[in-house]
Every structure is written in structure tokens, then in C-alpha cells.
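Note sheet for the following structure.
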């Protein structure tokens, strides 16, 4: 991508109506744009990051047998009435509207009901199970107070996977597989060292659910972390009985603020029974399917990464999800320098290195450096008359740079990405 062709631009000042660091930097750097409270548009750079996060999640869901689908956003009230979740008294997050015919429909805030209903057409026997189905789908939640940038929005993409198994044992086995897959995801996203499996309330479904909480000062949740065991307890279930059951020593726990970046629940038969999802076992007995659900919000993960990886100059993207690996800057208007920069650009592309080429005319070196730091790509490459045939290369988080020839630059980048 050539920066002169990118329709978005950086802005000089932080947006005044945003208090969260993630929204301030993402808007200033041209990754997202605020449409209204709790609603954001993803611009080209932002969408590239979001899609990279989604792809990492997709790969790990596929690795444990997940099958990807895409369900509708519009929801049929009849299905939700069967689980008593259509009522605004029971669920206060609905966005509802009416069709031209006068019929009422909702915008999905989750998808247990519609997917369970679909599975009735495909699950009749124990031979049809297990099944693990997931999607990346836009959810709509009528949050009373949208806040914290991409952390709490009214419209967002959710990865929700649902497991369908014959019994509790099969659910428990897959649940542990999903837990490990989630840890791999956060490791690949650069959050592994700060993300903890966190015991939380299981509600009506089970004694515990498990959240994946990332330690961050901007977090809304309070958790108690055992850094040696790398597990945590949410404040909502923190008491002596729970600590004893989990074998945790109160003296070894540290109280921290955290952001919930994922969660997994054992649902049991809460949805299968009222929606009629049954199977026939080997003995010919009719039994309800046992379910689990597993969620991650890719945009919330993106916001969490920005909250953790930034400095006074801008964003510092982990290499695994940066929109481009290298930011190539052409300094000055010398025709030979421009020719050299274009050649470097084409060579990087041929080597499979994703590169954003700042070929804009009329900017000072200082302005280009400031934009590069704000955008936050892993490597900054400078072609200039001063550097001659060499290319100045600098990692975003480093204060030091070095001058290398093109082959050395390519080798260095490939060895470290």
C-alpha cells in the first residue's frame, strides 16, 4: 500500500470526546472512525488488524474441530420466546424493530437459540455428535452506557463457538481443548504473558465459568492472580471457600485490574431442552444434547492490545497482527532517491513482506517520522540521500537504528517476523 493512495489520514490532535487510550490512538492514527456513541467504523488499516486477529482465532478454532458458519443478525422472536429470552424484562440488551408487515424482529446479541434450532435439522442420533460450530458475527447490544472505546460498544463482531455433545464427559473433554486453544490464541496475539484463566461465576449453568482476563490498568474487572500457577479468581466469586477449593493461598494473590478478552461456559441442556434438540443414544433412548459456548471479541482484543502496547508517540503493534510489517519512508524530493525507494518497495513486496510506503510529497522528515511512530508498524525503513545505497532500519520499540543494504534488511525482517 502506498500512503499517498490511502484515503485516510492521521490527525494532529487526540479526539476530545474519547477518554480511553485505545480509541484516542486508533482514531488519531486513522484505524477507526467514531460513528456515534458505542459504534465505530473500521478503516483500511484497522480492518487489516482486525482481520489478522480473526484469522489467528479461526486457525485455532479449526485446529480443535470447529466448523465455521455465518448466522443471520435478524432474529425470529418465536425461537427466543421458547427460552424466555425475548422479553425485555429478562434481557435488557435487545435492539428490536418492525418489518413493513408489522412483525417484530430483533438484532442478535448472541446466537445460542438460532444455532440450536438449526442443529435440530442435522442431529438425530448419537452418530451425529459431537459437533463444534463457530462464527464471526456482528452482535448488537443496547448498552446503557457504551464506553472505553472498542471495549464496550453497541455493535461489535463476536467469535462464538458452540459445542454439541452426547454427555457431560464429552463436554468436559472439549471444554479443556477449547481452554488450551484460547491460551494459544492470546499467546499468538502478544497477550500471553498478561492473560490468565480466571475462575468466575457459572451462573445457572455450572459452578464456574472461565474468563480469560488480561492484566491492564484500563480494565473494568478486578481479579486476584496467582502468578506462579498462572490462574486468577474474579472478584465476584472471591472468598475463602473458593480459594480453598482451588488450592490458592491468599497471601500469594495479587489484586489487579483486568480486561475480559474471552470466556467459556458449560451450558448443559438449558437451550437444547426448550428448543427440542434431542438425540437417540445407542440403546434407543431419547436424550437432550449437552452444550457449551466459547466467546472472544476480536475488536475488544484489538483495543486491549493498544491499551498495553503504546507509548507517548503512538501505537506499538505486535508483529503478528500489525497491518503491515514495514513502514518505508522516502525522504526528500530527489528523483534518484524516489527511484531507489520505489525499487526497495517492489523488492519487499516480491519477498512477501507487507509494506506501507510513505511516498507522500511535501512533508518534512519530522512529520513522516511522527506519523510512522503513531501508526506503529514493527519496522521503519528510511531511504534518503544521506543514507546513499543503504537503508536505515529501526524497530518501533527501539531507540537505535542501523544502516543495511537491501538484502540485509530483507533477511533481518524475515528472521524476526
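None of the figures in this text is laboratory data; all of them are computed from the coordinates on show. Note that the coordinates shown come from a computational prediction; the quantities given were computed from them, not determined experimentally. Virtual Cβ from ideal backbone geometry, glycine too; neighbours counted across all protein chains shown.
Kirkwood radius for the stretch 326-416, taken over all pairs of different Cα atoms as the inverse mean of 1/r, rounds to 13.0 Å.
Order these by the 10 Å Cβ neighbour count, fewest first: 337, 261. Can you show the working numbers first?
Working: 337 18, 261 27.
Taking fewest neighbouring Cβ atoms as first place, the list is 337, 261.
Taking each residue as 0.36 nm, the span from residue 17 to residue 96 lengthens on full extension beyond its C-alpha to C-alpha distance by 25.6 nm. Each part reduced to its alpha carbon centroid, the stretch 52-118 and the stretch 323-384 end up 44 Å apart. Across the chain, the relative contact order, built from alpha-carbon pairs under 8 Å that are at least six residues apart, equals 16 percent. Mean residue ellipticity at 222 nm, helices only, the chain: -9000 deg cm²/dmol; runs of at least 4 DSSP H residues each add -39,500 (n - 2.57), and the sum is divided by the number of residues.
Applying 1/(1 + (r/R0)^6) with R0 = 51 Å to the Cβ-Cβ distance of residue 173 and residue 5, what FRET efficiency is obtained, to the nearest 0.05? Working shown, then result.
Details: r = 51 Å, r/R0 = 0.99.
Using R0 = 51 Å, I get an efficiency of 0.50.
Two decimals is fine: what is log10 I(q)/I(0) at q = 0.10 Å⁻¹ for the stretch 255-412, from a Debye sum with one equal scatterer on every Cα and no solvent? So the normalised log intensities are -0.54. Annotation: peptides 82-88, 192-198, ranked by per-residue average of other Cβ atoms within 10 Å with the highest first, follow the order 192-198, 82-88.
Sorting 153, 304 on the 10 Å Cβ count, fewest up front, what's the list?
Numbers: 153 23, 304 27.
Going from least to most buried by this count: 153, 304.
What's the center-to-center distance, using Cα atoms, between the stretch 151-197 and the stretch 287-309 in Å? Measuring centre to centre over Cα atoms gives 6 Å. Here the stretch 135-201 is treated as a sphere whose radius is the Kirkwood value from Cα pairs; by Stokes-Einstein at 25 °C and 0.890 mPa s it diffuses with a coefficient of 168 µm²/s. Relative to the longest principal axis of the Cα atoms of the chain, helix 298-308 runs at roughly 50 degrees. Shape class of the stretch 89-136 from the alpha-carbon gyration tensor: prolate, with a/c at 1.5 or above and a/b greater than b/c.
At 1.306 mPa s and 10 °C, plugging the Kirkwood radius over alpha-carbon pairs of the chain into Stokes-Einstein gives what diffusion coefficient in µm²/s? Before the final figure, lay out the partial values.
Numbers: Rh = 23.8 Å.
Value of D from the Cα-based Kirkwood radius: 67 µm²/s.
Of all DSSP-defined beta bridges confined to the chain, some 80% are antiparallel rather than parallel.
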